[in-house]
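Asker: Shown below is the structure under consideration.
The values are calculated or read from the model by the stated rules, or taken from the named source; none is laboratory data. All figures in this text were calculated on a predicted structure; none of them were measured in a lab. When we count neighbours, we look across all protein chains shown, and the Cβ atoms used for this are built from the backbone with ideal geometry, even at glycine.
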Amino acid sequence: MNKPFKFEIDGIEIEAQRGQSIMQAADEAGVYIPRLCDTEGLEPQGSCRVCVVKQNGRAVSACTQPAIEGAKVENETEEILGYRRDLVRMLYHEGNHLCPICEASGRCELQAMGYRLGITQATKYPYLQPARPVDASHPDIVLDTNRCILCGRCIRASRDIDKKHVFEYVGRGINKRVGVNGNKLAETDVKLNDRAIDLATCPVGCIIQKGRGFFAPIGERQFDKKPITLGVGPGKNRGKS
Amino acid sequence: MKKRIATVSLAGCFGCHMSLLDIDERLLELLQQVEFDRSPLNDLKRFTRRCDIGLVEGGCCNEENVHTLQEFRRNCDVLIAVGQCAVMGGLPVMRNAIMHSDDPLRECLETAYLDSDKVYNPSNQIPNDAALPLLLDKVYTLADVVKVDYQIPGCPPSGDTLWNTLEALLAGKPVELAYEQLRYD
Ligand code: SF4
Ligand code: SF4
Ligand code: SF4
Ligand code: FES
């Protein structure tokens with residue numbers, strides 16, 4: 001029953017255990033499937049769709065879809081790269097992403113995904129330019145959801161690891177955003193050393209540790225020289241320098 | 001025949017033009033292949049004839065920017081948005097989302113000319129001379145106003161990025177940038 005089985009990603013044979021997602025099996029085999037809402041140590045939630053792959057011809061999110069024995073999975077085809085480019089572009093258009101002034105620039109996973117996917121083309125979407133208030137009430141932490149991609153990583157880290165429920169989704173549809181459990185961050189029990197506040201938890205520049213902006217010089221930031229790939233996430237190589 | 005290039009800086013800081021000068025001695029190579037038409041580099045204020053490539057730095061923050069951009073679109077076969085300001089508004093676009101303001105433009109002007117304690121403005125007026133181009137309600141990206149054929153992101157894009165893009169365009173080849181040459185900051 002619990003025997004490992006095999007399937008293929010872009011023609012490469014991958015071994016998987018029963019119950020593993022396509023992403024987990026791919027990670028163990030060292031094959032990178034791009035992702036934003038999924039990160040090591042948190043339950044997958046399957047919301048950003050950047051990990052979209054085709055399993056036996058059907059588009060699924062690799063982080064939540066169980067691997068199937070003998071399945072043929074497409075990961076880096078032109079069609080799928082096109083979907084991923086559009087998804088990443090829409091995330092850019094939905095928020096306010098001013099990379100030249102952003103603390104996360106150079107270590108931001110959204111930006112790194114744009115680089116990896118080679119996004120330069122003229123855009124077909126409008127910029128929504130929301131005006132979301134910045135919450136700088138906490139002595140150690142700033143929350144700027146103008147850059148939020150609604151990945152839920154802060155929510156899951158706070159709920160499942162810190163056991164605090166500091167962050168939660170509020171609103172629906174286009175008005176959905178991340179809120180805090182209280183009127184402002186200073187009124188919650190959030191602490192600087194919570195996993196939710198770890199620089200590796202938020203993939204973009206929403207959760208900022210005061211006094212730590214722009215800590216790595218240009219040229220030495222995480223994604224300055226190397227594209228985003230496996231091994232990015234809390235406890236890995238982010239936010240250490 | 002040499003290709004013709006026109007360049008302009010709209011709501012930009014001229015950093016992108018400075019970056020073009022950063023191609024250093026390759027400028028001479030470029031001048032073998034192209035002739036500059038309307039551009040701040042040669043101080044030509046009007047198009048002398050139709051151009052193959054238009055490089056536009058900066059987005060649109062006033063009426064004059066819009067007219068200039070439309071003129072570039074009319075006169076250039078390939079229109080390229082150069083730098084974050086042209087691509088997505090860049091730093092000037094910050095005025096579109098001044099927090100909690102129903103009237104971000106007014107708040108921006110009042111802070112810049114009246115309210116800030118750093119301001120020295122004895123007349124206590126916001127400049128409104130008829131000779132000044134009218135500010136737009138918001139800062140617009142190039143693609144908001146005209147069809148843009150290509151974008152070169154970066155603030156500014158490096159000299160190498162600009163050079164590789166121009167070289168490929170002039171040779172009629174697809175643009176291929178090395179990983180380090182594609183930047184949004
Ligand atoms: S969060 Fe990332 S993509 Fe957004 S402005 Fe910051 S660096 Fe750029
Ligand atoms: S604040 Fe950061 S971690 Fe939280 S949902 Fe937004 S992007 Fe994700
Ligand atoms: S993109 Fe940067 S360098 Fe270019 S005009 Fe805008 S602010 Fe200046
Ligand atoms: S990583 Fe799978 S949906 Fe976000």
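Asker: Let me spell it out: the conditions are (1) away from ligand 2 (no atom under 16 Å from the Cβ); (2) in a loop (DSSP other than H, G, I, E, B); (3) facing another protein chain (nearest Cβ under 10 Å), and A:Gly70 meets all of them except one. Which number is the exception?
Answerer: Looking at each condition in turn, A:Gly70 falls short on (3).
Asker: Look at A:Lys176 and say whether it is exposed (fewer than 15 other Cβ atoms within 10 Å of the Cβ), over 21 Å from the mean Cα position of the chain (by Cα) and over 30 Å from B:Thr165 (Cβ atoms). Before the answer, list the steps.
Answerer: Numbers: exposed (fewer than 15 other Cβ atoms within 10 Å of the Cβ): yes; over 21 Å from the mean Cα position of the chain (by Cα): no; over 30 Å from B:Thr165 (Cβ atoms): yes.
When the stated conditions are applied, A:Lys176 does not pass them.
Asker: Might you let me know whether the stretch B:93-114 holds any residue that is within 30 Å of B:Val34 (Cβ to Cβ), of a type outside the set (Val, Ile, Thr) and touching a residue at least 40 places away in the same chain (Cβ under 8 Å)? Reasoning before the result, please.
Answerer: Our first condition is that a residue be within 30 Å of B:Val34 (Cβ to Cβ); within the stretch B:93-114, this holds for none.
Checked the stretch B:93-114: no residue is within 30 Å of B:Val34 (Cβ to Cβ), of a type outside the set (Val, Ile, Thr) and touching a residue at least 40 places away in the same chain (Cβ under 8 Å).
Asker: Kindly evaluate A:Ile101 against the criterion of being surrounded by fewer than 18 Cβ atoms within 10 Å (Cβ to Cβ) and modelled with pLDDT of 95 or more.
Answerer: Details: surrounded by fewer than 18 Cβ atoms within 10 Å (Cβ to Cβ): yes; modelled with pLDDT of 95 or more: no.
So A:Ile101 does not fit the description; no.
Asker: Quick one: would you say A:Gly152 is crowded, with 19+ Cβ neighbours inside 10 Å and out of contact with any helix residue (DSSP H, G or I) (no Cβ under 7 Å at 6 or more places or on another chain)?
Answerer: Against the criterion (crowded, with 19+ Cβ neighbours inside 10 Å and out of contact with any helix residue (DSSP H, G or I) (no Cβ under 7 Å at 6 or more places or on another chain)), A:Gly152 qualifies.
Asker: Residues that are more than 19 Å from the chain's Cα centre (by Cα), more than 12 Å from ligand 2 (Cβ to nearest atom) and under 14 Å from A:Ser137 (Cα atoms): does the stretch A:159-167 have at least one?
Answerer: The answer is no, given that none of the residues of the stretch A:159-167 is more than 19 Å from the chain's Cα centre (by Cα), more than 12 Å from ligand 2 (Cβ to nearest atom) and under 14 Å from A:Ser137 (Cα atoms).
Asker: Still on this model: Picking from A:Val60, A:Val50, which residue would you name as being modelled with pLDDT of 95 or more and assigned to a loop (DSSP other than H, G, I, E, B)?
Answerer: A:Val50
Asker: Pick out the one residue from A:Gly173, A:Gly219, A:Gly231 that is within 14 Å of another protein chain (Cβ to nearest Cβ) and at positive phi. Even if it seems obvious, please write down each step before you answer.
Answerer: Values: A:Gly173 fails: within 14 Å of another protein chain (Cβ to nearest Cβ); A:Gly231 fails: within 14 Å of another protein chain (Cβ to nearest Cβ).
From the options A:Gly173, A:Gly219, A:Gly231, the qualifying one is A:Gly219.
Asker: Can A:Tyr92 be described as within 10 Å of another protein chain (Cβ to nearest Cβ), buried (at least 18 other Cβ atoms within 10 Å of the Cβ) and assigned to a helix (DSSP H, G or I)?
Answerer: Working: within 10 Å of another protein chain (Cβ to nearest Cβ): yes; buried (at least 18 other Cβ atoms within 10 Å of the Cβ): yes; assigned to a helix (DSSP H, G or I): yes.
So A:Tyr92 passes the test.
Asker: Here's a follow-up. Examine the stretch A:120-128 for a residue that is surrounded by fewer than 18 Cβ atoms within 10 Å (Cβ to Cβ) and within 16 Å of ligand 4 (Cβ to nearest atom), and state whether such a residue exists. Give the derivation first.
Answerer: Let us first name the residues in the stretch A:120-128 that are surrounded by fewer than 18 Cβ atoms within 10 Å (Cβ to Cβ), namely A:121-122, A:124-126, A:128.
Next cut, within 16 Å of ligand 4 (Cβ to nearest atom) only: none.
So far as the stretch A:120-128 goes, no, none of its residues is surrounded by fewer than 18 Cβ atoms within 10 Å (Cβ to Cβ) and within 16 Å of ligand 4 (Cβ to nearest atom).
Asker: When you check A:Arg132 against the structure, is it modelled with pLDDT under 95 and either part of a loop (DSSP other than H, G, I, E, B) or away from ligand 3 (no atom under 16 Å from the Cβ) (or both), yes or no? Break it down stepwise before answering.
Answerer: Values: modelled with pLDDT under 95: yes; either part of a loop (DSSP other than H, G, I, E, B) or away from ligand 3 (no atom under 16 Å from the Cβ) (or both): yes.
Judged against the criteria, A:Arg132 is a match.
One line per residue, one yes/no per condition, for (1) free of Cβ contacts under 8 Å to residues at least 40 places away in the same chain; (2) within 16 Å of ligand 2 (Cβ to nearest atom); (3) not basic (Lys, Arg):
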| position | (1), (2), (3) |
| --- | --- |
| B:Leu10 | no, no, yes |
| B:Leu27 | yes, no, yes |
| B:Leu31 | yes, no, yes |
| B:Cys51 | no, no, yes |
| B:Gly58 | no, no, yes |
| B:Glu63 | no, no, yes |
| B:Arg73 | no, no, no |
